[in-house]
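One structure is given below, encoded as structure tokens.
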Amino acid sequence: MAAYSERGVHGQTVQLLGERVLSGRLAEGETIDLAVLSGELDLSLTAIREAIRVLAAKGLVGSRQRKGTFVRPRADWNLLDPDVVKWQIAAGAGDTFFRNLAELRGALEPTAARLAAARRTGRDVEELRAAVRAMADTRGSPPEEAAAADLRWHRALLAATGNELYTRTDIFLAAGLVERDRLVHAADPRDPVPSHTRVTEAVAAGDPAAAESTMRALLDQAEEDLFRATDEGAHDDGPERPA
């Protein structure tokens, strides 16, 4: 789903309301008075309804006869949506989100590296190496470009497992990895190319044990880099009201 952040008044309104839901300022089950919001934000009721439709598509809000528009239970929220990921972090839930992401990656990616080393094709190795070169080429580039190159590598690793279900786990990882990398690369991290190269070459050599161990080392470095980035106050909470 396309991100709406920073796309004019509409995008800022979506972001503002999304952050209010994720922070609990608009609580689960709470009825949202659209007319009150319209007056508070000095926006037309039509503009408010358009923003609410975006939030509804992400599972954050719903509507019912007599009850009107309300915040849906957290279990219904699309927590993997790129915007929802950003709003969680902006709302102060970044520590919890990134801990959950690290646990998920720790469960998936070392085994993925082991499988990739046992099953990789020549094309898989080519793509992993191309992704590492792309990561090297993004040195000094905007954080978003570095994040895109890193995500390319992780997708290539999952694809090299030869397991279609593993490959599809990128839907669990992609949004979180991009946001994590955006924060880390904005804070001048250690060069990620060597750690990714070690995993790549272990996979290329067909050494499952080395691939798994170097992937665990990569994840340890990733966790340390994120701690440094967030400890230095790299978060950007964004505007509180549309401009």
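The values are calculated or read from the model by the stated rules, or taken from the named source; none is laboratory data. All values reported here derive from a predicted model rather than from experimental measurement. When we count neighbours, we look across all protein chains shown, and the Cβ atoms used for this are built from the backbone with ideal geometry, even at glycine. SASA here: full protein model, heavy atoms, side chains in, ligands and nucleic acids out. Shrake-Rupley method; radii C 1.70, N 1.55, O 1.52, S 1.80 Å.
Going from most exposed to least, what order do Thr46, Thr161 have by accessible area with a 1.4 Å probe?
I get Thr46, Thr161, largest accessible area first.
Run the accessible area of the stretch 56-162 with a 1.4 Å probe and give the carbon-and-sulfur part as a rounded percent.
For the stretch 56-162, the apolar C and S fraction of the accessible surface comes to 48 percent.
For an R0 of 30 angstrom, estimate the FRET efficiency from the Cβ-Cβ distance between Glu30 and Arg99 and round to the nearest 0.05.
Step by step, r from the Cβ atoms, then E = 0.65.
For the stretch 1-142, what is the convex hull volume of the alpha-carbon atoms per residue, in Å³?
162
Trypsin sites (Lys or Arg not before Pro) within the stretch 34-135: which are DSSP loop residues with at most 11 other Cβ atoms inside 10 Å?
Of the trypsin sites (Lys or Arg not before Pro), the ones in loops of the stretch 34-135 whose Cβ has at most 11 other Cβ atoms within 10 Å are Arg66, Lys67.
Note the direction-averaged projected area, equal to a quarter of the hull surface, for the Cα convex hull of the stretch 18-64, in nm².
One quarter of the hull surface, i.e. the mean projection, equals 3.2 nm².
Are there GluC sites (Glu not before Pro) in the stretch 1-82 that DSSP marks as loop and that have at most 11 other Cβ atoms within 10 Å, and which are they?
In loop regions of the stretch 1-82 (DSSP not H, G, I, E or B), the sparsely surrounded GluC sites (Glu not before Pro) are Glu6.
Once the principal axes of the Cα atoms of the stretch 133-235 are found, what is the range along each, listed largest first in whole angstroms?
Reported extents, whole Å, longest axis first: 39, 25, 24.
Give me the 1.4 Å probe accessible area per residue for the chain, excluding ligands and nucleic acids, in Å².
About 50 Å² of surface per residue is accessible.
Classify the stretch 85-139 from the C-alpha gyration tensor, please: rounded if a/c falls under 1.5, else prolate or oblate depending on whether a/b exceeds b/c.
Oblate shape, in that a/c is at least 1.5 and b/c is the bigger or equal ratio.
May I ask for log10 I(q)/I(0) of the chain at q = 0.11, 0.17 Å⁻¹, from a Debye sum over the Cα atoms as equal point scatterers with solvent left out?
Debye output, listed in q order: -0.64, -1.16.
Taking the Cα centre of the stretch 109-243 as origin, sum charge times position over the Cβ atoms of Lys and Arg (+1) and Asp and Glu (-1), and report the length of that vector in debye to the nearest 20.
620
Just to verify a number: FRET efficiency for Leu165 and Ser141, C-beta to C-beta distance, R0 = 22 Å, to 0.05?
0.10
Could you state the angle between the C-alpha long axis of helix 94-119 and the longest principal axis of the C-alpha atoms of the chain, as a value from 0 to 90 degrees rounded to the nearest 10?
30
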